[in-house]
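Structure first, commentary second.
The values are calculated or read from the model by the stated rules, or taken from the named source; none is laboratory data. Just so it is clear, the structure is predicted and the values come from calculations on it, not from any experiment. Neighbour counts are summed over all protein chains in view; Cβ atoms, including those assigned to glycine, are modelled from backbone coordinates with ideal geometry.
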There are 2 protein chains.
Amino acid sequence: MSPIKNDLFLRACRRERTERTPIWMMRQAGRYLPEYREVRKNSDFITMCKTPELAAEVTVQPVDLIGVDAAILFSDILVIPMAMGMDLQMIESKGPVFPKPIRNEADAKELKKVDVQKDLKYVLDAIEVTKKALDNRVPLIGFSGAPWTLLTYMVEGKGSKNFAEVKKLIYNNPKLAHELLDQISDVVIDYLNAKIEAGCNAVQIFDTWGGILSQSEFFEFSHHYITKIIAGLKRTDEPVIVFAKGVFYKLKRVISCGCDVLGLDWTMDIGRVRTRVGDRVALQGNLDPSVLYADKKIIAEKALSVMQSYGEGTGHIFNLGHGILPDVPPENAKFLVDFIKEASYDLHR
Amino acid sequence: MSPIKNDLFLRACRRERTERTPIWMMRQAGRYLPEYREVRKNSDFITMCKTPELAAEVTVQPVDLIGVDAAILFSDILVIPMAMGMDLQMIESKGPVFPKPIRNEADAKELKKVDVQKDLKYVLDAIEVTKKALDNRVPLIGFSGAPWTLLTYMVEGKGSKNFAEVKKLIYNNPKLAHELLDQISDVVIDYLNAKIEAGCNAVQIFDTWGGILSQSEFFEFSHHYITKIIAGLKRTDEPVIVFAKGVFYKLKRVISCGCDVLGLDWTMDIGRVRTRVGDRVALQGNLDPSVLYADKKIIAEKALSVMQSYGEGTGHIFNLGHGILPDVPPENAKFLVDFIKEASYDLHR
């Protein structure tokens, strides 16, 4: 395989020297781009995930249009529950819904064993098409939901405010919760290994709902399985990023999962986190995504403040503290990327 | 005024010796109680807030039915924007909506100066009726939203996922944001002073949306005004509780607002927080509200774990880490209260 031309992102993940701070944005292949909406107009979201050419097309868009330093394969964390046999319906205004959520042993027995090479072949095919289109310009990131976050969706069945069903499960039937989490973890391991084998240069594990748990429950029901997954990965030098939104505590224990990069949401003080764990992992983040609603002067000011908080030297991958919002002006996203590229040189002398 | 018979809550707020840990629950006058739903059946939510007899009735219910150690006056944080002239509509399934939100200087000019004794007389009357009904059995807590949380509702106009409008305001027009926050703070000062004068034995400031801000923005747009409010209170010995959901950082600076009690959501480690600031303030919290969905054995286990994390001695007011959920079984709430009353004696020898 020929080398990646712009490998700033990978070097920063490994805390190797870089000339400037690399930047990409969570959900960068998304609705804020008119070019994305153009593709989406003719295909529903799941069809886009399942059609390698479409997934590849929107994956590459932000590289071409916004100039990010890494691509992240367009997909959805819910492809795993789908591969496990759950019927996913996209209901306009309600978002993704599983009409038959998993609530008890009988429901759990209905879940299928997953053969990633077969059941998720469309993802691996999308990686192949994307790699060709990227032509080694920038690295390609593959991702998966963390088992806890996947379980939350599988048990709730739809968006939730209080997460009553999944909480009932962990309180009243922790045995089943752990069995399901273990089963999901095995699928995630196969899935991420297949992604790496297919050409992904890094992987990110999203734990969107880690922060709804108390601290001890997070370590028991989420962190334990993230650790298991990372231990199960077969990789050469592909970095692993863990982003657990709302998990602000016991960061040394958090990074003991074996991640190379810790993703931070915008409520974290990235400078303080660096002081605590920056000698062991790189940090990714953490501008409030809503800053992209602001005037350019403010975007520059707030972005600079994140960079200065991190401070000099490598190990910082600039990103938003959560996914880019669907209604921000694309020119603001482009402005942010250009600004980071220019303004970060001073911090890497 | 004759003394409060059960003043455990007040003593714990002041970190004076208590025989056991006091307990009350945020939103304890609420929908989980069939007796509350009975009252609510005949009156909409705003009418309940505005009718002193109804507000008093549901305020006293959890004292009689659940046995909590403090009552909190049934009301809504949005009575302040209403008093400022904003039209509030309760739309079923959407919650409270301000059809004319505040977005610019012209909108802000429409806001009225508030005369608490006149415009919010119904709250003060409700306190009078409630005090009579309580007959000094337990203390009565009065509350207000924090200016930041009130501003969020006033600017968004309705429930929001990304808080785009209020974020645009603080980024693009911080001057107007600060003017509004200052104006709201003045109303909150008058409002809480009137509540104390009318007989409230403690006040709680709820900053439900403090946690959507980055750390520096929290101190600039929220904490600054909470501090101003507490400095403006005329009180004898009424404790002030500050509950800022999602604010997990710089706790010494957080409590420099002058609060007597810091409320904690369930993602906090109450024992660690005590180590850091427990010599200066009492702590309130912090059981995950969804634990009340669980079997009684688990409720006892998780509640004990919160108490043990806090440890021995006074200064802990047991509470949930957020409001009680509308669909928990009332018998579970009663079980929790009974359990805390019994199990906490050992920690207060």
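A few remarks follow.
- Note on segment B:293-311: residues that are aliphatic (A, V, I, L, M) and within 10 Å of chain A (Cβ to nearest Cβ) amount to 4.
- Inspection of segment A:260-267 finds no residue satisfying the criterion of being closer than 20 Å to A:V79 by Cα, of a type outside the set (S, T, N, Q) and crowded, with 22+ Cβ neighbours inside 10 Å.
- Restricting the search to helices (runs of 4 or more DSSP H) fully inside segment A:76-176 and requiring at least 2 residues that are touching a residue at least 40 places away in the same chain (Cβ under 8 Å) and hydroxyl-bearing (S, T, Y) gives A:121-134, A:147-156.
Quick grid of which residues meet (1) among the aromatic types (F, W, Y); (2) buried (at least 21 other Cβ atoms within 10 Å of the Cβ); (3) in contact with a Cys (Cβ under 6 Å, 6 or more places away or on another chain):
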residue: A:T227; (1), (2), (3): no, no, yes
residue: A:D237; (1), (2), (3): no, no, no
residue: A:I255; (1), (2), (3): no, no, no
residue: A:G258; (1), (2), (3): no, no, no
residue: A:R272; (1), (2), (3): no, no, no
residue: A:D279; (1), (2), (3): no, no, no
residue: A:A282; (1), (2), (3): no, yes, yes
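- Residue within segment B:193-200 that is out of contact with any Cys (no Cβ under 9 Å at 6 or more places or on another chain), farther than 13 Å from B:M84 by Cα, more than 10 Å from every other protein chain (Cβ to nearest Cβ) and polar (S, T, N, Q) present: yes
- Some residue of segment B:203-210 being of a type outside the set (D, E), farther than 30 Å from B:K168 by Cβ and either more than 13 Å from every other protein chain (Cβ to nearest Cβ) or touching a Pro at 6+ places or on another chain (Cβ under 9 Å) (or both): yes
- Restricting attention to segment A:239-253, the residues being farther than 27 Å from A:A70 by Cβ and buried (at least 24 other Cβ atoms within 10 Å of the Cβ) number 0.
- Within segment B:36-57, not a single residue is at pLDDT 95 or above, closer than 21 Å to B:T149 by Cα and outside any helix (DSSP H, G or I).
- Residue in segment A:155-170 that is away from chain B (no Cβ under 14 Å) and under 27 Å from B:K161 (Cβ atoms) present: yes
- B:I189 vs. criteria touching a Pro at 6+ places or on another chain (Cβ under 9 Å), of a type in the set (V, I, T) and either away from chain A (no Cβ under 14 Å) or outside any helix (DSSP H, G or I) (or both): no
- B:A177 surrounded by fewer than 19 Cβ atoms within 10 Å (Cβ to Cβ), out of contact with any Lys or Arg (no Cβ under 9 Å at 6 or more places or on another chain) and either facing chain A (nearest Cβ under 10 Å) or not basic (K, R) (or both): no
- Matching option when the condition is crowded, with 23+ Cβ neighbours inside 10 Å and under 16 Å from B:P81 (Cβ atoms), among B:V138, B:V114, B:V166: B:V166
- All told, A:F221 meets the bar of being over 19 Å from A:S75 (Cα atoms) and either in contact (Cβ under 8 Å) with a residue 60 or more places away in the chain or in contact with a strand residue (DSSP E or B) (Cβ under 8 Å, 6 or more places away or on another chain) (or both).
- Segment B:273-299, residues that are closer than 23 Å to B:P239 by Cα, of a type outside the set (S, T, N, Q) and touching a residue at least 12 places away in the same chain (Cβ under 8 Å): B:V273, B:R274, B:R276, B:V277, B:G278, B:R280, B:V281, B:A282, B:L283, B:G285, B:L287
- Residue selected from segment B:59-71 under the condition crowded, with 24+ Cβ neighbours inside 10 Å and aliphatic (A, V, I, L, M), by the criterion farthest from B:E35 (Cα to Cα): B:A70
- Qualifying positions in segment A:193-214 - closer than 15 Å to A:C257 by Cβ and either of a type in the set (S, T, N, Q) or in contact with a Leu (Cβ under 6 Å, 6 or more places away or on another chain) (or both): A:V203, A:Q204
- Matching residues in segment A:312-322 - criterion: being more than 13 Å from chain B (Cβ to nearest Cβ) and within 21 Å of A:P139 (Cβ to Cβ): A:G313, A:T314, A:G315, A:H316, A:I317, A:F318, A:N319
- When the residues of segment A:236-288 are filtered to those that are within 12 Å of chain B (Cβ to nearest Cβ) and of a type in the set (S, T, N, Q), the one that is nearest to A:K302 (Cα to Cα) is A:N286.
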